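Let me begin by presenting the structure, written as structure tokens, before commenting on it.
The values are calculated or read from the model by the stated rules, or taken from the named source; none is laboratory data. For clarity, every value in this text was computed on a predicted model and none was experimentally measured. Counting neighbours? That spans all protein chains shown, and the Cβs are built from the backbone with ideal geometry, glycine included.
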Amino acid sequence: MPALLLALAASAVLARQDDDAADAGRIVFPAEASQGALVFGRVPPGSEVRYGARSLRVSGWGTVVFGLGRNEAGPVEVTVVPPEGAPVTERIRVAARDWPVERVDGVPPKTVSPPPEIAARIQREQARVTAARERDDDRTDFARQFVWPVEGRISGRFGSGRVYNGQAAPSGHSGMDIAVPTGTPVKAPAAGTVTFAEPDLYLTGGTVVIDHGFGVSSNFLHLSRIDVQVGDRVEQGQAFAAVGATGRATGPHLHWGMNWFDVRVDPLLVLERGD
């Protein structure tokens, strides 16, 4: 290669290295994020980061993540203490969303107004699912672009108000429903570790939780079959279960929910992040 070309190539490499070094020292968060969003930021590696009452994990290249709930009004603040330098507080505006009401009829009455013994069972089961969402593994599976676990018509949207058999539910819909036939393979939208797998919860039927690291997890409900167990590692695109209509369901569909710890976020926004 001629000397001039070698010099130009070397200069380009050095320029990229300088840009990477400059980026590594920056603090970058979006100026605005939507209700129900999973928010990504970048800080100098080794920083201490706090959002609300939680200390956020920081990846080796400075990535942090947290979730905004359906009813978060904002603005929210993130405090970053770099390895060298004074603390910096970033303020993020929260864009409000319009939450429509979805009416679902034909639901078994005992799943809408359960008797005391069933209500106690539901409470015990949901407590176990909640505990599975509290993991804070130092894995960055969440940082990869997510893919659809099944492809079909969206029959229920995250955050929508729900009215079951004419009775309003106390909170918005916790995930996204995708209408597909019973037996359709469910594929992991991102890699992770199975932290919960039970075939017969009262409200949610066959239920699986996959942890993607840093408090980010996916849950899959109403499954007809589960092919994994707690502790299994699944890779993106790997089939691990089958769609069904178990639990409180009026027909076959996949309910896909996502959480950042106890904060529910919108899977559709996570999918759209890389579009």
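Consider ASP98 carefully, then state whether it is under 17 Å from GLY172 (Cα atoms), surrounded by fewer than 15 Cβ atoms within 10 Å (Cβ to Cβ) and without any contact (Cβ under 8 Å) to a residue 40 or more places away in the chain. Spell out how you get there, then give the answer.
Working: under 17 Å from GLY172 (Cα atoms): yes; surrounded by fewer than 15 Cβ atoms within 10 Å (Cβ to Cβ): yes; without any contact (Cβ under 8 Å) to a residue 40 or more places away in the chain: yes.
It is true that ASP98 is under 17 Å from GLY172 (Cα atoms), surrounded by fewer than 15 Cβ atoms within 10 Å (Cβ to Cβ) and without any contact (Cβ under 8 Å) to a residue 40 or more places away in the chain.
Given the criterion among the hydroxyl-bearing types (Ser, Thr, Tyr), assigned to a helix (DSSP H, G or I) and modelled with pLDDT of 85 or more, identify the matching residue among THR130, THR111. It would help to see each step written out before you state the result.
Numbers: THR111 fails: modelled with pLDDT of 85 or more.
One residue alone meets the criteria, THR130.
Can you pull out every residue in the stretch 69-95 that is surrounded by fewer than 17 Cβ atoms within 10 Å (Cβ to Cβ), among the aliphatic types (A, V, I, L, M) and over 21 Å from VAL265 (Cα atoms)?
Of everything in the stretch 69-95, those that are surrounded by fewer than 17 Cβ atoms within 10 Å (Cβ to Cβ), among the aliphatic types (A, V, I, L, M) and over 21 Å from VAL265 (Cα atoms) turn out to be VAL81, ALA86, VAL88.
For the subset of the stretch 129-156 comprising residues that are loosely packed, with under 15 Cβ neighbours inside 10 Å and in contact with an Asp or Glu (Cβ under 8 Å, 6 or more places away or on another chain), which member is farthest from GLY213 (Cα to Cα)?
Going through the qualifying residues, I end up with ILE154.
Has the stretch 179-193 got any residue that is within 19 Å of VAL104 (Cα to Cα), at pLDDT 95 or above and within 12 Å of the chain's Cα centre (by Cα)?
no
List the number of the failed condition for THR250; all other conditions in (1) in contact with a helix residue (DSSP H, G or I) (Cβ under 8 Å, 6 or more places away or on another chain); (2) part of a loop (DSSP other than H, G, I, E, B) hold.
So THR250 meets the others, but not (1).
Among residues belonging to the stretch 218-247 that are among the β-branched types (Val, Ile, Thr) and not in a loop (DSSP other than H, G, I, E, B), point out the one that is surrounded by the most Cβ atoms within 10 Å (Cβ to Cβ).
Step one: list which residues in the stretch 218-247 are among the β-branched types (Val, Ile, Thr), which gives 226, 228, 230, 234, 243, 246.
Keeping just the survivors that are not in a loop (DSSP other than H, G, I, E, B) gives 226, 234.
Working: ILE226: 19, VAL234: 21.
It comes out as VAL234.
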